[in-house]
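Accompanying notes for the structure given below.
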Amino acid sequence: MAKIAVIPGDGIANEVVPEAVKVLDVVNEKYELGLEYETFDLGSERYLRTGEAFPEDLDGFIDDLPNRFDAALFGAGGIDHRTPEDVSAMPVLVGLRRRLDLFANVRPCRLIAPDLTPLKNKTAEDINFTVIRENTEGYEFGTAGNYRVGTEDEVEIRPEYNTYKGVKRVLEFAFNYAQQEGSTRVHMAEKGLPDGLWNRVFAEVSARYPNIEGIHTHVDTLAYMMVVSPEELQVVVGENRIGDVLSDIGGAVQGSRGLAPTGCYNPEKNFCYFEPVHGTGPDILGKGVANPMAAIMASKMLLEHLAHREAAGAIESAVRHAISQGQTTPDIGGSLSTTQVGDAIRARLSAD
Ligand code: ATP
């Protein structure tokens with residue numbers, strides 16, 4: 001019996017995650033999965049309710065999650081105009097990644113309905129790759145600072161922080177992922193020095209996987225390929241910021257950021273978490289139009305991780321069905337609300 005922590009966080013995540021949980025309710029009962037979940041409001045909703053965004057010991061709460069739960073369904077952390085700028089669930093998101101050392105952020109980019117892609121003449125076979133983003137190092141970490149602020153001589157220093165161990169483990173993760181998925185190619189995207197750490201470790205790790213072609217690519221070339229020749233891509237791996245940007249392009253070629261899910265793993269840990277790739281959607285917050293499909297597909301990834309493959313497959317086909325019937329939010333051409341899309345997907349699951 002698996003236990004899941006549900007942490008919606010900020011902004012539209014509070015609109016889409018409940019839809020995903022209601023979908024889980026349906027499959028939990030239908031397939032007798034025995035899932036148990038507990039919801040924690042951390043971030044903006046909690047602040048609005050209590051004046052405090054977190055419990056006193058947020059780090060302790062995060063550190064304890066793997067002792068209490070098998071996995072988490074997260075929403076988003078970031079801008080939420082209903083609260084002061086410094087109030088957000090970002091510390092939860094960073095804590096999940098960093099304190100729990102969930103270093104591999106897996107972002108599948110699959111075209112789940114042919115009409116959705118803005119790319120001309122590209123099919124579901126062409127748009128079917130996975131971006132693996134390093135999650136605990138890179139541009140987000142390390143000592144940063146601004147000096148001579150307020151003058152024309154201001155200097156900003158934002159170093160990128162990569163360790164041999166960190167680069168090696170995410171590259172190994174990517175090659176192992178490729179092997180498990182039956183992929184034959186791994187593209188590593190970077191834009192550093194020819195003898196930099198990522199290049200050297202990529203050559204070293206790649207040599208250990210003779211059945212998989214390891215291709216070094218500059219990130220600008222890779223961004224171009226994602227739009228022009230996505231069919232050449234199978235598994236793409238890169239540093240934190242590079243993976244972030246590339247997976248958003250991946251979301252775009254799939255049709256909407258409202259469709260893309262992600263999972264964060266460390267194969268040595270018995271805990272991982274899943275979330276939609278999109279953020280807090282400040283411009284659509286409260287309008288009832290946020291697409292819940294990314295959050296619902298994140299719950300599908302969660303079920304796959306728990307080896308509930310049939311239930312996971314049923315969720316994906318219910319999402320595909322809703323899209324094929326035009327039962328969608330405006331971002332992908334429909335006119336339904338967030339809840340109506342959730343209802344349509346649940347109705348299909350119950351009927352199947
Ligand atoms: P982050 O920095 O956390 O990735 P962001 O500010 O870059 O977040 P989002 O919050 O994802 O970006 O929003 C980017 C755009 O995508 C916005 O116009 C937003 O409305 C749209 N968007 C994001 N999520 C959804 C969704 N679920 N449904 C519809 N539109 C969405």
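We did not get these values from a lab; they are worked out from the coordinates using the rules stated. Note that the structure is a prediction, hence the values are computed from the model and not measured. When we count neighbours, we look across all protein chains shown, and the Cβ atoms used for this are built from the backbone with ideal geometry, even at glycine.
Odds and ends about this structure:
- Remark: the chain carries a charge dipole of roughly 740 debye about the Cα centre, counting +1 on each Lys and Arg Cβ and -1 on each Asp and Glu Cβ.
- Estimated [θ] at 222 nm from DSSP helical runs (n ≥ 4, -39500 (n - 2.57)) normalised by residues in the chain, nearest 500: -13000 deg cm²/dmol
- Selected from Gly243, Gly75, Gln180, residue furthest toward positive end of dipole (the chain; charges at beta carbon): Gln180
- Computed from the C-alpha gyration tensor, the three semi-axes of the ellipsoid equivalent to the range 111-261 are 29, 22, 12 Å, from longest to shortest.
- Highest to lowest packing among 147-156, 283-292, scored as the average C-beta count within 10 Å: 283-292, 147-156
- Among Pro267, Pro330, Pro84: highest mean-square fluctuation, GNM of the chain, C-alpha pairs under 10 Å: Pro84
- Mean separation of Cα contacts under 8 Å (6+ apart) over length of the range 111-261, as relative contact order %: 36 percent
- Restricting the calculation to Cα atoms, the range 185-268 shows an Rg/Rh of 0.98 when the hydrodynamic-style radius is the Kirkwood one.
- Counting only DSSP beta bridges with both residues in the range 111-261, the antiparallel share comes to about 20 percent.
- Across Lys120/Lys165; Lys191/Lys300; Lys165/Lys191; Lys3/Lys191, pairs whose alpha-carbon gap is larger than 29 Å: Lys120/Lys165; Lys191/Lys300; Lys3/Lys191
- Over all other residues within a Cβ to Cβ distance under 12 Å of Lys191, the charged ones net out to -3, with Lys and Arg as +1 and Asp and Glu as -1.
- Annotation: Cα Rg of the range 1-79 relative to the compact-globule expectation 2.2 N^0.38 Å equals 1.15.
- Spin-label zone in the range 83-117 - amide nitrogen under 20 Å from a point set 7 Å from the Cα of Lys165 along the C-beta vector: 95-105
- Whole-angstrom gap from the range 1-63 to the range 93-123, using each part's C-alpha centre: 21 Å
- Kirkwood hydrodynamic radius (C-alpha pairs) into Stokes-Einstein, the chain, 25 °C and 0.890 mPa s, D in µm²/s: 117 µm²/s
- Comparing Ser335, Ser299, Ser256 in a Gaussian network model of the chain (Cα springs below 10 Å), the most mobile by mean-square fluctuation is Ser335.
- Three semi-axes of the equivalent ellipsoid, the range 140-221, Cα gyration tensor, whole Å, largest first: 34, 13, 11
- Counting DSSP beta bridges with both ends in the range 2-159, the antiparallel % (nearest 5): 55 percent
- 10 Å binning of all Cα-Cα separations within the range 223-352, expressed as whole percents from 0 upward: 12, 37, 36, 14, 0
- The chain - percent relative contact order, Cα under 8 Å, separation 6 or more: 22 percent
- Dipole magnitude for the range 111-261: about 320 debye, using +1 per Lys or Arg Cβ and -1 per Asp or Glu Cβ, origin at the Cα centre.
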